[in-house]
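Single-structure report; data block below.
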Amino acid sequence: MSDFRLVLRAQALNGETPVWCAARRRLFWIDLREPSLHEFDPATGADESWHMPAWIGCYGLTASGAVVALRTGLFSFDFDTTALTALAPAPFDARRFLFNDGRADPRGRFLVGTMYQPLPPGDRHSDAPKGTPLWRLEAGARWQPVTPDVQTSNGLAWSPDGRTMYHSDTDARTIWRWEYDPDSGAVANRCVFAQLTGLPDKAGPDGAAVDRDGFYWCAVYGAGVLHRYDPDGRLERTVAFPVRHPTMPAFGGAGLETIYVTSANWSLTPEQRRAEPDAGGLFAMPAPVPGLPEPYAALAVGG
């Protein structure tokens, strides 16, 4: 049995990136493939959404709205006017890649990774690299590569003191740990934090969050579980999830004492959808340990 309960039957194709906004007392989340940005009110169950003109890989909340990573580039989004304003073009060939998991670091720098997903007819016979680095937006709308190439960038999160950065590649089923300098944003000394084994086909580490005690919570896409790792990378517990494709956890609610988790249904067959009618929903459970507040995206920190 799972401790999770369904709080929104969203039926999202690819629900992702839940972020709690304390100022609005709402949980934001996206459907990558719809594509849309959502604002969920847990007090009433209401869910408002804004359609996006292209695949939305992730976003970061700002003091007045959000910065959204679309396939066509990075944009600011105003909640009141719904205006999109271009900030920076994508630092990759958008015919082959798109933005995926990303968030603001503890000082507000916006970092975002990519996923290899070529447009038809594709390039499966090409020798071109099928990955790009994790990118950081610098002053002047310049992109700075931060890590080596990965194929499906995921799991970006920081330790409570901001001195450890976590980053994963779903395809490689690997979560890495980096030393991180909060003042400069520099990374160093990558090591394997966790290597996931024994998973079903096409399963792997997806989005993640860190709790107040520094434990790393990872949604294991395609396996129907969440993993909680201690700061040394030891698997402390496995939490069953109601559907097989959880995508990302986030801490929210009063005191950040609730874990919200998005999910996906885009890859399910009609028979699987009937067996998992709640797939693509938003779920919640009481957190054994409270989480950390999500920083606003400030974009050009130190610029």
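Couple of notes before you dig in:
- Checking each residue in the stretch 1-31 for being in contact (Cβ under 8 Å) with a residue 60 or more places away in the chain, of a type outside the set (D, E, K, R) and in a loop (DSSP other than H, G, I, E, B) picks out 1, 2, 4, 10, 11, 12, 13, 22.
- Restricted to the stretch 212-289, the set of strands (runs of 3 or more DSSP E) holding at least 3 residues that are farther than 16 Å from residue 6 by Cα comprises 216-221, 225-229, 235-240.
- Number of residues in the stretch 253-284 that are surrounded by fewer than 19 Cβ atoms within 10 Å (Cβ to Cβ) and not basic (Lys, Arg): the value is 14.
- If the condition is being in a strand (DSSP E or B), closer than 17 Å to residue 39 by Cα and either over 19 Å from the mean Cα position of the chain (by Cα) or not hydrophobic (A, V, I, L, M, F, W, C) (or both), then the stretch 66-83 contributes 76, 78.
- Taken over the stretch 162-172, the residue count meeting the criterion of being without any contact (Cβ under 8 Å) to a residue 40 or more places away in the chain and over 16 Å from the mean Cα position of the chain (by Cα) is 2.
- Residue list for the stretch 218-242, restricted to those being in contact (Cβ under 8 Å) with a residue 40 or more places away in the chain, among the hydrophobic types (A, V, I, L, M, F, W, C) and in contact with a Gly (Cβ under 8 Å, 6 or more places away or on another chain): 218, 219, 240, 241
- Of the residues 53, 35, 18, 42, the single one that is surrounded by fewer than 15 Cβ atoms within 10 Å (Cβ to Cβ) and in contact with a strand residue (DSSP E or B) (Cβ under 9 Å, 6 or more places away or on another chain) is 53.
- Annotation: residue 85 fulfils all but one of (1) free of Cβ contacts under 8 Å to residues at least 12 places away in the same chain; (2) surrounded by 20 or more Cβ atoms within 10 Å (Cβ to Cβ); (3) of a type in the set (Val, Ile, Thr); the unmet one is (2).
- Test: residue 61 is touching a Phe, Trp or Tyr at 6+ places or on another chain (Cβ under 7 Å) and touching a residue at least 60 places away in the same chain (Cβ under 8 Å): yes
- Single residue of the stretch 157-174 satisfying the filter (among the acidic types (Asp, Glu) and outside any strand (DSSP E or B)) that is surrounded by the fewest Cβ atoms within 10 Å (Cβ to Cβ): 161
- Residues located in the stretch 261-300, provided they are aliphatic (A, V, I, L, M) and under 27 Å from residue 67 (Cα atoms): 261, 264, 282, 284, 292, 297, 298, 299, 300
- The residue that is modelled with the lowest pLDDT, counting only those in the stretch 45-81 that are of a type in the set (Val, Ile, Thr) and within 22 Å of residue 14 (Cβ to Cβ), is 72.
- Residue in the stretch 86-97 that is assigned to a strand (DSSP E or B) and more than 15 Å from residue 57 (Cβ to Cβ) present: yes
- The set of residues from the stretch 21-47 being in contact with an Asp or Glu (Cβ under 9 Å, 6 or more places away or on another chain) and either farther than 22 Å from residue 82 by Cβ or among the small types (Gly, Ala, Ser) (or both) comprises 22, 46.
- Filter pass, residue 247 being of a type in the set (S, T, N, Q) and crowded, with 23+ Cβ neighbours inside 10 Å: yes
- Answer from 237, 212, 228 - the residue that is farther than 17 Å from residue 279 by Cα, basic (Lys, Arg) and crowded, with 17+ Cβ neighbours inside 10 Å: 228
- Counted residues, the stretch 175-191 - those being loosely packed, with under 11 Cβ neighbours inside 10 Å and touching a strand residue (DSSP E or B) at 6+ places or on another chain (Cβ under 8 Å): 3
The values are calculated or read from the model by the stated rules, or taken from the named source; none is laboratory data. Note that the coordinates shown come from a computational prediction; the quantities given were computed from them, not determined experimentally. Cβ atoms come from the backbone with ideal geometry, glycine included; neighbour counts cover every protein chain shown.
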